[in-house]
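For reference, the structure is listed below as structure tokens.
Read-outs throughout are calculated quantities, based only on the coordinates presented, and are distinct from any laboratory measurement. Because the structure is a prediction, the values reported are computed rather than measured. All Cβ positions, glycine included, derive from the backbone under ideal geometry; neighbour counts span all protein chains shown.
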Amino acid sequence: MSAPAIVILGAGALATARRIQSVYAEDPARPAGGMCQVHALQGRVDADVSYADLGTHLRELYARGTPIVALCAAGIVIRCLAPLLSNKGVEPPVLVVAEDGSAVVPLLGGLAGVNVMAREIAAALAVPPAITTSGELRFGTCVLNPPEGYVLADLGQGKRFVSDLLAGESTRIEGDAPWLDDAQLPRSSSARLAIRVTPRAWDGREDELVIHPRSVVAAVSVASASASASASASAAIVSRVQGALAAHGLSPMSLAALLAPSDSIAAPLLAEAAARLDVPLRFAPTRPDEDDPAPTHLLRAALRVPYETLSDDTSTGIALAVSSLAVDPSTIGRARGRLTVIGLGPGRADLMVPAARQALDEATDILGYDTYVKMAGPLRADQRVHGTDNREELQRARHAFELASEGRSVVMVSSGDPGVFAMAAAVLEALEASQDSAWAAVELSIVPGVSAALATAAQAGAPLGHDFCMLSLSDNLKPWTIIEKRLRHAAEADLVMAFYNPISRARPWQLDKALDIVREYRAAGTLVVLGRDIGRPGGTLRTLTLGELRSSKVDMRTMVIVGSSTTRKFASGIEGAGGTEWVYTPRWYE
Ligand code: SAH
């Protein structure tokens, strides 16, 4: 389950919010759950995330399936979420907590563990939780909400079963259900009703509550010829797995993982098949002398728990392993490693694209220049950070591939966009130069970000509203003569120019030289926008003319946008009430 969002309206709730946050701060049981953050109403109080409108924010969190702990009146939350309640899809836990921590009320998400959360939070606040679910009150646990690794076969049947128990019947327990040991269930070995924990499919009997442990691993062989992408090839794997499960009377819900040979680690059909089966995909090494390894070998190589093998792999190409308990997929063989190169945007959290935030939340390892890694936070204690000096880019790229080829989920951070004078090109350069097939097997993706030129332009208005170019004035990786030539051509072509890396202590004279060249082609009155630390604390934006621009007004944290001959500015506002100055380049040309 993902980490809860703690939502507050004012400063009075902050202390209680922080106490609740500490319950979920670094929970190793929720490795992909992201950070538990305090969301606060903009302008009222500063916390981790700010929101503008409570109703909109709560509805967004709810729709995304994020558990909500709201520190306000229950009625407010009910009214905000009411429009979403009639169509009951996946319901995250929703709780309200009194600002002073004196009451913890679970509202929604009974099957998503809201009562468990209510108990956790109430324990931290040293108050009794306001549990209202009858089954939960009577038995001390929600029988219909088994722990991680277990799934209920049929919710409707589960509800009937619990009402039979509430009506006074007792039950047997068959199979291993360690989480029910402490439950106050009315037990009797001769009971008509039975809770059965089994990977076998439920046959529809009404006197049974069937809970499946995710205890079955399906190993598949993949003929190299079919390893290419094809919807029908992945559908064939899915139906082979489903057929093997059905042949042994096993429920598809008992499947813990799909296991395949490591030499087909990059085959898209496997990823597709695992996605269709809705299970993680894991890999085990094949022996070098085997072309088409028998799936039973894979099981032997990958499983670290005792199991029974069920299928005849020679006829179906599938072997099933059944363990007596749920199997944690992360312990089976290894995963395909991932390397995601992301851009953080200029700095502000809300200018980072959600895909980048998601990659960060899912990462095991984070690499990048120290300043950017800090900007990417807050990170969890279980995430490894490999900070480095900014200059070692290729080395950092190689390090990222090494980690990812061990099966880790690596995120490489850049500021702005990773493809604009940043790490994405270095990563591809390292990959192209590598002969290592393990690097080629890494699942590489690049997530775009809001580049400094775009963030600066947006704040100024629309200076990039017509044709423009982006230039780095750094001659670290290219000769200065090339920079001069490009400046001349761009200036002559009347393109708006965005200068990255305009100046640094090691490159003191280059900006003046560049401006001299631009001034040969552009009038002194040409508008220039300087954005410094845009989207970061203390950020400034200035508009001046090319004639007024001096290199002393620019540093390495500045974006310089030199307008074209048509770039213009105007002030807008109500007379006497001040106004905003906008800079833009019209879409048309004269
Ligand atoms: N990948 C980054 C650019 C890296 S080059 C991006 O797409 O934005 C570094 C240069 O970008 C700096 O020298 C500065 O010119 C510019 N820059 C980066 N972040 C900035 C910010 N927040 N405000 C202004 N300029 C910034």
Fully extended contour minus Cα-Cα distance, from Thr481 to Ala524, at 0.36 nm per residue: 13.1 nm
Long-range amide H partners of Glu443 with built H, under 5 Å: Gly337, Arg338, Leu339
Hits among lysines - C-alpha to C-alpha of Lys159 under 20 Å, sequence gap 8 or more where chains match: Lys88
Charge-dipole axis of the chain as Lys and Arg at +1 and Asp and Glu at -1 on Cβ define it, positive-most pick from Ala13, Ala493, Pro186: Ala493
Order of Leu95, Leu107 - criterion: other Cβ atoms within 10 Å of each residue's Cβ, fewest first: Leu107, Leu95
Relative packing of 498-507, 447-456, which averages over residues the other C-beta atoms within 10 Å, highest first: 447-456, 498-507
Student exercise, the range 455-577 dipole from Lys, Arg, Asp, Glu Cβ charges, in Debye to nearest 20: 300 debye
Cα-based helix-to-principal-axis angle, 155-166 vs the chain, degrees rounded to 10: 50 degrees
Nearest 10 degrees, 0 to 90: helix 480-492 Cα axis against the chain principal axis: 80 degrees
DSSP bridge orientation in the chain - percent antiparallel, rounded to nearest 5: 40 percent
Label point 7 Å beyond Cα of Arg18 along Cβ direction - residues of the range 355-385 with amide nitrogen under 18 Å: 378-379
Set of lysines with alpha-carbon distance to Lys553 below 24 Å, sequence-local pairs under 8 removed: Lys513, Lys569
For the chain: rounded, prolate or oblate by the Cα gyration tensor [a/c cutoff 1.5]: oblate
Gain on full stretching of the segment that runs from Ile574 to Ser163 - 0.36 nm per residue minus C-alpha separation: 141.3 nm
Burial ranking of peptide ranges 404-416, 139-151 (average Cβ count within 10 Å, highest at the top): 404-416, 139-151
FRET E, pair Leu137, Arg348, Förster distance 56 Å, beta-carbon r, rounded to 0.05: 0.75
Modelled FRET efficiency - R0 25 Å, Leu155 with Glu308, Cβ distances, 0.05 increments: 0.30
Sites Thr540 and Ala247 - FRET efficiency at Förster radius 60 Å, r taken between beta-carbons, to 0.05: 0.30
Centre separation in Å (Cα based) which lies between the range 1-24 and the range 504-576: 43 Å
Theoretical gain in end-to-end length, Arg172 to Arg187 [0.36 nm per residue, Cα-Cα removed]: 4.8 nm
Label-to-label distance, nm, for residues given as Asp207 and Ala266 (7 Å Cα→Cβ offset): 5.8 nm
